[in-house]
Amino acid sequence: MAKMDGGKFFGTFRACSGIKDAVVLTHVPVGCNWGAAMFKTTSNQSDIRQACTVMHEREIVFGGEEALREALVRADKLYNTPLLAVVAGDAPAIIGDDIEAVIDSVVLNKEVVWMDAAGFKGTMREGYEEALVHLARLMEERNVIKNSLNLIGFCPDDFKVDADIKEIKRLLNSAGIQVNCVISNCSFDEFVNAPAAELNVVMGQGTELAEHMKKAFGVPYLEVGYPYGLEGTKEFINTICEHLHVGVNEKKLDFDLEPFKRIYLYLHELYGTPVSVIGDFHAEPIAHFLDCELGFDIEVLASNEDDYFTFEQNVRNSNTTILFGSSFERNIADELRIPLIRFVYPVFDHVCVYEDAPYAGFRGAVCLTETILNAVMSFGKETG
Amino acid sequence: METDVKLDIDVKAERYGKALETPEIAGRGKGVLHDIFRDRAFHGVHQGTTWQLHRYGINCKLSGSVYAVTEILGAIPLVHGPIGCSFHQRLTPRRIYTPIQDMPCTGLDENAVIYGGEDELRKKIVDSYSRYKPELIAVLPTCVSGLTGDDIQGVIHEVEAKVPCDILYVPSEGFAHRDRRALDVFLKDFTKAWKDPAKVPAYEIRGYGHEEVMLALVDQIMDDQYDENADNLVNIETFGRFSYGFESELKEMASLLGKMGVGINTTLLSCTVDAIKKAPAARLNIVRRGIRWAEQMKKEFDTDYLRRWFFYTGIDGTEKFLLYVASTLDLDGEAEEVVRIEKKRALQELDKYCKTFKNHVFALFTIGFFFTPYSVKTYALDFKIPLKYVCVDTRWMRAQNVSDETTESMIRGMGELIDDWDLGVELVVNPNLHELKEIAKKVDHVLGERSATPIYEKEGISMIDTSIGAYLFNRIGFNGMLEFASYLTQEMKKQRNHREPIISKFDYDETYYPILADPMCLASREMWSTMWRLRSG
Amino acid sequence: MKTDVEVDETARYGKAKALEAPETASKGVLQNVFRDRVFNGIYQGTTWQFHRYGIDCKLSGSVYAVSEIDGAIPLIHGPNGCAFHQRLTPRKMYAPIYNLPCTNLDENDVIYGGEEKLRKKIYEVYHRFHPSLIAVLPTCVSGLVGDDVQGIITEVEVPCDILYIPSEGFAHRSRESLDLLMRDYAESWKDPTRSPAYDLRGCGHEEVMFSLVDQLMEEQDIVENLVNIESFGRFTYGFESELQEIKHIFDGMGVRVNLTLPTCTVAEIKRAPAAELNIVTRNIRWAERMKENFGNDYLRKWFFYFGFDGVEKFYHDVASKLGLDGEAYAAVKKEKMQALGELERYQRMFARDDFAVSTQGFFFTPYLVSMYAQDLKLPIKHLCVDTQLLKGLNISDRTIEIMMKNMEEAFLNWDLGFEVVMNPTLDEMSEIAKNVDHVLSDRITPPLYEKGGEIGMIDISTTRYLLFRTGFSGIVEFGKYLASVLYRERTKRKPIIARFDYDTTYYPLLADPMCMASRGMWFTMWSMKSEKKEAQNGNRC
């Protein structure tokens, strides 16, 4: 089986680096550190908050604890950060470094949280879930802020993450709901204060954290799909409002069809177009939008945890004319000479820096539709 | 000196880590249906726009002429007119997905209008040859050059010695075109032909532009060549516009005809200039649109022609067509056997799907148009689909200025044919929503066309979009039918979510769907309708 | 029955039918370089940037090298995460390696061993991809677990070759390695016979080359006048056109190119020992090994082979190694003279004006400058050398001092007659700019200088690659390009990238405390792995 999954190390790294003023100290040989950095910084080149213990031959033979100790002390001095997240990868797990003992042996001015993130021990999602639970011990009991919630499930390197969050916040605010914390894409203080929320909204991953917070702080949680499309967004807002017993202002929740009217004939022509989708938890909600609101026919819907060869084979055997996935799908898209719409991690050959061009929410429905249409219209010549 | 260092583009592709195998396993994805879906997505995305604009206007003759010329490999259209004509014709409606990049223009200005533009034309012909080295320059006059009375043919005659390529003159001035009632008249004739195929109308879309090019090619470019050794050749008329899946159709045609002992001389106009010259080497032209050019070829070169009409669809229709081709070429015996075998094979394969269909009950929802009864016949007799209802939406025809009288006669004709063929379906004209819902409850599947499906889905009526059938039923060959049957079988199994397509949320005008119920748009449509009527022939 | 129907989508869809290859379209060398620089090089800054925060492991270089081989598949023996991230190998980020199978070692395999998985995976990979070669690349995990990868390879029977590469990623070069190398290079500027035999430890690429020599290449009868050329994809913009020119010159000399290693097929690699000579462009270890195993000689293409004379010398040295002196020399001379003839008109144009050149100090600086001054005959008044980048790469002040000293000595010996200005400030640069007609910069600093709208520079950072080619046409193309841009009107620009606060030492790092701290951490942690320290600890480096 072949999977396009980064393994537990990547999931842990992504969760930890989502605390935007934290520093991630990877206890790994250089390659793992490089890889994590590479994927994170496609659209974030100015945000480098990681360091590595540089496990070398010597550490492999004699153990990496000394290197870790040295790194902790130095990081404590060098960084002005409230949190050091120590992420231990494959090598220390095998050689048996006692991370906890090393951390206990040093006096640091920062909070330190460590986690065993050996890649071979699980999937990327499992790494993410576990990491958040580890980080949760930093949270503190708070008075509940009425009509506030936490959004759980994000990573700082999700495609369109900042734009999506901005749009989701806009929608929730217009419903009178405040976003307390976005996990994992928030500051340390916001994370610590997460228990102040009246509700946790789990958007695809992070259920374990939500469970933990329910037990530890009594914060209830709700699991919803990622808000793609007009209907998907409406459902998202309505469900949340219902749970928070906030009346829905239909007028404010009304979406503007005007942008769609301007290109509606193209939408007519693309109705019934066969497409395929692959991704993490974002995949199913986007497929729903494509199916129900754009009228596409979903030929193949797969998860990044499924066997990739089978996915490719299924797509080859289908009539797929547009592919939705990550940058990894460029290969099969090129082979089949069809356009690829990138919407899910990892995206390393497109940037997303404009915060007013989301894929989520009402505005996201417009932006995504525009992207799809442009991809199709400009692709026409490629078939020749 | 020999070296095995590869330096072509393949090396670059390999160097950049392309997939290391050509997937032998790619199956369905490389077939007919895939071909059509791709064309429909990447080219057809523009179709709605061009159809929409036809409610507010039509393009001029130049448009069709430009398009036709650009289908020819090695030909360049040279527009003799102001720069605006060539600017906008680059986006010829028939090929918006591939704008025409190489289109020189004489750029007539005020001076040229006063003093004449022949000199500009003379220079431009020479310049176009030098720049593009085409095999053919097609000179396309415009309204302006038509009005100023430039002697284009005279200029061509002067210049032709100076350029090594052929030069074509096409009368493409854009101020003569069909009138508003043309479609109404045509449909009326067509309806008669449904019952009596001998009465098929020899229709010509006046002001179309395409026909002018075809005629000009026959008159000016084709050479009288009769190749003694190639007396079983046919030409096939192509028509790029919206002809989705053309390549796969052509492959099948070539294969089928080949087995029958028939060779394809060329596909007009999607061919080279040289092939056009040699077109008269064929004994038969297979015509898919207007027949005037074929009649002219018959007159000048004694090349026979066969118009592929709607009654040549379906299994029997396809067989009939192929046999007719064989007969015209005196190949009856051997060809008959080939056709028989192919038909049998197709029927055998089709039978697998028919077994699935027969266990379900269907309704068909369609907009009434040229071939409706024959499409219904194909569903009922070829696919043996148990059709209980045929719902016809005639609103679209009214939007195309087809009179109520003609519409009524079409519906009457349809009903009569359905009875004659003993199809046992109930014809329902313009069912309202409630009626359609009731019908949907009484059947297992509703087959619909893409134009209406989104609207009805919103109301909870789930339809299987069979608009792809339009591109599969009309092919010369049996494979299209098989592909459709396979596609329908798959679609029948799919679970259909309740959908609320965005396009179903708009307010459409009832009559002129899919025009939006917007006062400004509707007023513009009315203006066009009125002004056009005033110019009726 | 015959039919001349061509079912050709290109024709049907009316692709622009320019019926002749337009003479005006620049299909030449420069366009090749610009294209590569844009479409591939867009990622270059990112990979260089990351080198200030870390390095990738050996697996990275190995994966890349294997992906260069036509018909080869790299198979990673490790956890999924390794394959996940190595698809985006830094040397080829513009073309991710999509087909990168992996044994996906999990916790069970770490405990019980992953050999069985490897065995199965090799079969599966063969069945799926039908490659000519499977290169098995172990990782830290499989290395630690102690799987007998070579043993498995010996057992498994598939119709293709299988290569074992020691690619476990926990041994790599030390922080000082570049400093040592720079110092050696600086010394060799004075005495080219002292060119360093450098080996980038932990690169991964070398390991692959070595394995190819040991495990794949086959004994061959050496064919006279046949050469192999080492290719190296990374940042080699315009490689195709360069290779074309090399072939052309070799043709004239009676030399044939056997293959470009490792950008070739597996079958070709096996036949590599048929070449009489290997032309090495990076490290020599693999070539030395080939010499040892098969008797093939090698010639390392060093920095002194740049410029007209340098290129000529290179071809002479090749000819000499192959015993082809006489006629070969004539062929090379002809190419050289032709190029010089073409360049002459541009040289005349340059002679009318004064120039300042802004360059960064690095491996080849004196020779690059010599090309500007002696080959292109640019009347250079000031040479501004920026050594900040060197500091950013952990080059010591002492080494920088030696570099500058040796550089200036070289310039003096060559009688180049310009003033050398080290690390000019913005004001100094401004004064210099006023003093000359044109300022050329082969760095990415023009945006910085343009920020104030004061100093317009001609950016030659892309076209500079033309000067490092193994041929004469690059220099001519450069001259042609420079002539065409020299008198272009320059609007005052305010590039967005000039608006950021950069760290002055580690440009283009942003002056951001977090980024700087991350750089500092890397600097420190890496230094703890210096070879000196390893030696002190009694460990083999």
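The values are calculated or read from the model by the stated rules, or taken from the named source; none is laboratory data. Being a predicted model, the structure only gives us computed values, none of them experimental. Glycine gets a Cβ as well: all are built from the backbone with ideal geometry, and neighbour counts include every protein chain shown. Quick note on the areas: whole protein, heavy atoms, side chains included, nothing else; ligands and nucleic acids left out. Shrake-Rupley method; radii C 1.70, N 1.55, O 1.52, S 1.80 Å.
Observations on the structure shown:
- Nearest-ten-degree value, helix B:61-71 long axis tilted from longest Cα axis of chain B: 90 degrees
- Contact surface C-A: accessible area buried, both sides summed, square angstrom, 1.4 angstrom probe: 5500 Å²
- Subtracting the Cα-Cα distance of B:A161 and B:K358 from their residue separation scaled by 0.36 nm leaves 64.1 nm.
- On a per residue basis, the convex hull of the C-alpha atoms belonging to the range A:315-384 measures out at 101 Å³.
- Note on the protein assembly as shown: the C-alpha convex hull projects to 60.5 nm² when averaged across all orientations.
- 37 °C / 0.692 mPa s Stokes-Einstein diffusion coefficient of the range A:223-322, Kirkwood radius on C-alpha pairs, µm²/s: 214 µm²/s
- In the context of the full set of protein chains, the protein assembly as shown has a per residue accessible area of 39 Å² (1.4 Å probe).
- Both numbers refer to the Cα atoms of the range C:330-477; Rg and Dmax are 15.9, 52 Å.
- With R₀ fixed at 45 Å, the C-beta to C-beta distance from B:S462 to C:W48 puts the FRET efficiency at about 0.20.
- Dipole moment magnitude, nearest 20 debye, the protein assembly as shown about Cα centre, only Lys, Arg, Asp, Glu C-beta charged: 2020 debye
- Farthest positive-ward along the range C:46-108 dipole, Cα basis, beta-carbon charges - from C:I76, C:P101, C:L59: C:L59
- In the range A:120-149, comparing the full protein assembly with the chain on its own, the residues that lose 30 Å² or more of accessible surface at a 1.4 Å probe are A:F120, A:K121.
- Share of Cα-Cα pairs in the range A:1-72 lying beyond 17 Å, as whole percent: 48 percent
- Computed over chain B, the P(r) tail beyond 31 angstrom holds 54 percent of alpha carbon pairs.
- Under 5 Å from the amide H of C:E419 lie the amide H atoms of C:H382, C:L383, each residue being 5 or more positions distant or on a separate chain, with H modelled from the backbone and absent for Pro and chain starts.
- Between the amide H of A:K3 and those of A:Y308, distances stay under 5 Å, these residues lying 5 or more places away or on another chain, with hydrogens modeled in the peptide plane.
- Radius 14 Å from Cβ of B:V339, net charge of other residues (Lys, Arg +1; Asp, Glu -1): -2
- Burial of 20 Å² or greater, the range B:112-161 residues [accessible area, probe 1.4 Å, versus chain by itself]: B:Y132, B:K133
- On the basis of the beta-carbon distance and an R0 of 35 Å, B:H88 and B:K199 show a calculated FRET efficiency of 0.35.
- Legend: residue pairs B:K377/B:K441; B:K355/B:K384; A:K3/C:K120; A:K77/A:K110, Cα-Cα distance threshold 20 Å; pairs beyond threshold, B:K377/B:K441.
- Principal axis dimensions, largest first and in whole angstrom, of the range B:30-122 by Cα: 56, 34, 16
- Accessible area buried by the pairing of B and C, both sides summed with a 1.4 Å probe, works out to roughly 3900 Å².
- Positions from the range A:263-300 whose accessible area shrinks by 40 Å² or more when the full protein complex is built, not the chain alone, probe 1.4 Å: A:Y264, A:L265, A:Y266, A:H268, A:E269, A:Y271, A:D291, A:C292, A:E293, A:D297
- Mean sequence separation of contacting Cα pairs (under 8 Å, at least six apart), scaled by the length of the range B:32-179, corresponds to a relative contact order of 27 percent.
- Rel. contact order, % - alpha carbon contacts under 8 angstrom, at least six apart, the range A:4-136: 41 percent
- The interface between chain B and chain A buries about 4100 Å² of solvent-accessible area in total (1.4 Å probe, ligands and nucleic acids excluded).
- Cα-derived Rg to Rh of chain C, Kirkwood definition: 0.98
- For chain C, the longest principal axis of the Cα atoms and the long axis of helix C:239-253 meet at an angle of about 80 degrees.
- Each pair of Cα atoms in the range B:326-380 enters the Kirkwood radius, and Stokes-Einstein at 25 °C and 0.890 mPa s then converts it into a translational diffusion coefficient of 173 µm²/s.
- Site pair C:K333 and C:E124 shows an inter-label distance of 6.4 nm when each label is modelled 7 Å from Cα along Cα→Cβ.
- Dimensions (Å) - the range C:54-164, Cα atoms, principal axes, largest first: 37, 34, 18
- Going by accessible surface with a 1.4 Å probe and the largest first, C:T365, C:T505 read C:T505, C:T365.
- Chain C - percent relative contact order, Cα under 8 Å, separation 6 or more: 15 percent
- Förster-model FRET efficiency, 25 Å R0, A:A216 and A:E242, C-beta, rounded to 0.05: 0.50
- Between B:E295 and B:D189, full extension at 0.36 nm per residue minus the direct alpha carbon distance yields a gain of 36.2 nm.
- Portion, in percent, of the accessible area of chain B that falls on carbon or sulfur, probe 1.4 Å: 50 percent
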